[in-house]
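In what follows, a structure is listed as structure tokens, so that the remarks can point back to it.
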């Protein structure tokens, strides 16, 4: 488990920190399939991080989910990346069929190890599914994992008891678990962008 003091300190972003952009695909616009979502500004925040990474020359990994059926099936319009992500020339493009970006092709962990990268910033869709799974694995593998919670979104989901939890509540649960169990530093996008642009530690503020 990561030292608690590292999570309480001002946020720093390494000069070679890797931005991992997960599953920002057109199929997630199918609200009839997915249901209600939270954070309508998620795409804007993801775009802001992409802009900062491109401006500062840091590497971007783009991850794309290939489902066997449904809105993210290869060959369907929903499989395609949203335009602002499709325009990125990534340092690595990963295709996956499960939740974690670490179980895709090419191998993310091997690529990070080759580069000597120690810090990953996780963004994209869905907050409490592929993003959370990737962040947990990154933390377990020893990476300094940063989770800008407002640069992603979740969907409403129904549990085994038939109760539907709203997306915002699920996202809050993800943020709480990742923070409390020290899987990742859960922060707002503004702190990540400031630290990346200035090269100096940024104080995390939720106001």
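So that you can scan it fast, the table gives a plain yes or no per residue for (1) over 20 Å from residue 21 (Cβ atoms); (2) part of a strand (DSSP E or B); (3) in contact (Cβ under 8 Å) with a residue 24 or more places away in the chain:
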| site | (1), (2), (3) |
| --- | --- |
| 172 | yes, no, no |
| 179 | yes, no, yes |
| 182 | yes, no, yes |
| 191 | no, no, yes |
| 196 | no, no, yes |
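If you scan region 171-193, which residues turn out to be surrounded by fewer than 20 Cβ atoms within 10 Å (Cβ to Cβ) and either touching a strand residue (DSSP E or B) at 6+ places or on another chain (Cβ under 7 Å) or at pLDDT below 95 (or both)?
175, 179, 188
Tell me, please, whether a residue that is modelled with pLDDT of 95 or more, within 26 Å of residue 192 (Cα to Cα), in contact with a helix residue (DSSP H, G or I) (Cβ under 9 Å, 6 or more places away or on another chain) and surrounded by 19 or more Cβ atoms within 10 Å (Cβ to Cβ) can be found in region 64-71. First the steps, then the outcome.
Step one: of region 64-71, the residues modelled with pLDDT of 95 or more are 64-71.
So of that shortlist, the ones also within 26 Å of residue 192 (Cα to Cα) come out as 64-65.
Within this subset, residues satisfying the condition of being in contact with a helix residue (DSSP H, G or I) (Cβ under 9 Å, 6 or more places away or on another chain) are 64-65.
Then keep just the ones that are surrounded by 19 or more Cβ atoms within 10 Å (Cβ to Cβ); that gives 64-65.
Yes, because at least one residue in region 64-71 is modelled with pLDDT of 95 or more, within 26 Å of residue 192 (Cα to Cα), in contact with a helix residue (DSSP H, G or I) (Cβ under 9 Å, 6 or more places away or on another chain) and surrounded by 19 or more Cβ atoms within 10 Å (Cβ to Cβ).
What are the residues in region 101-114 that are more than 13 Å from residue 143 (Cβ to Cβ) and touching a residue at least 12 places away in the same chain (Cβ under 8 Å), if any?
104, 106
Give me the pairs: first residue in region 15-33 and on the phi > 0 side of the Ramachandran plot and in contact (Cβ under 8 Å) with a residue 60 or more places away in the chain, second residue in a helix (DSSP H, G or I) and surrounded by 13 or more Cβ atoms within 10 Å (Cβ to Cβ), beta-carbon distance under 8 Å, and six or more apart or on different chains, which are they?
From residues that are on the phi > 0 side of the Ramachandran plot and in contact (Cβ under 8 Å) with a residue 60 or more places away in the chain, the pairs are 23/130.
Taking region 1-46 on its own, how many of its residues are in a helix (DSSP H, G or I) and either over 14 Å from the mean Cα position of the chain (by Cα) or at pLDDT below 95 (or both)?
Selection size over region 1-46: 13.
Do you know which of the residues in region 79-93 that are in a loop (DSSP other than H, G, I, E, B) and out of contact with any strand residue (DSSP E or B) (no Cβ under 7 Å at 6 or more places or on another chain) is surrounded by the fewest Cβ atoms within 10 Å (Cβ to Cβ)?
Residues of region 79-93 in a loop (DSSP other than H, G, I, E, B): 80, 82, 87-91.
Imposing the further condition that a residue be out of contact with any strand residue (DSSP E or B) (no Cβ under 7 Å at 6 or more places or on another chain) reduces the set to 87, 89.
On the way: 87: 10, 89: 8.
The selected residue is 89.
Looking at residue 136, is it at pLDDT 95 or above, within 16 Å of the chain's Cα centre (by Cα), over 28 Å from residue 16 (Cα atoms) and surrounded by 15 or more Cβ atoms within 10 Å (Cβ to Cβ)?
Values: at pLDDT 95 or above: yes; within 16 Å of the chain's Cα centre (by Cα): yes; over 28 Å from residue 16 (Cα atoms): no; surrounded by 15 or more Cβ atoms within 10 Å (Cβ to Cβ): yes.
Criteria not met by residue 136.
Mind checking which residues of region 34-61 are crowded, with 19+ Cβ neighbours inside 10 Å, closer than 20 Å to residue 108 by Cβ and touching a residue at least 40 places away in the same chain (Cβ under 8 Å)?
46, 49, 53, 58, 60, 61
If I ask for residues that are touching a strand residue (DSSP E or B) at 6+ places or on another chain (Cβ under 7 Å), more than 18 Å from residue 64 (Cα to Cα) and part of a loop (DSSP other than H, G, I, E, B), which ones from region 102-158 would you list?
The answer is 117, 118, 143, 149, 156.
For region 47-78, what are the residues that are touching a strand residue (DSSP E or B) at 6+ places or on another chain (Cβ under 6 Å) and assigned to a loop (DSSP other than H, G, I, E, B)?
Correct list: 59, 66, 72.
The values are calculated or read from the model by the stated rules, or taken from the named source; none is laboratory data. It should be emphasised that the depicted structure is a prediction, and the values quoted were computed from it without experimental measurement. Every residue, glycine as well, gets a Cβ built from its backbone with ideal geometry; the counts of neighbours run over all protein chains shown.
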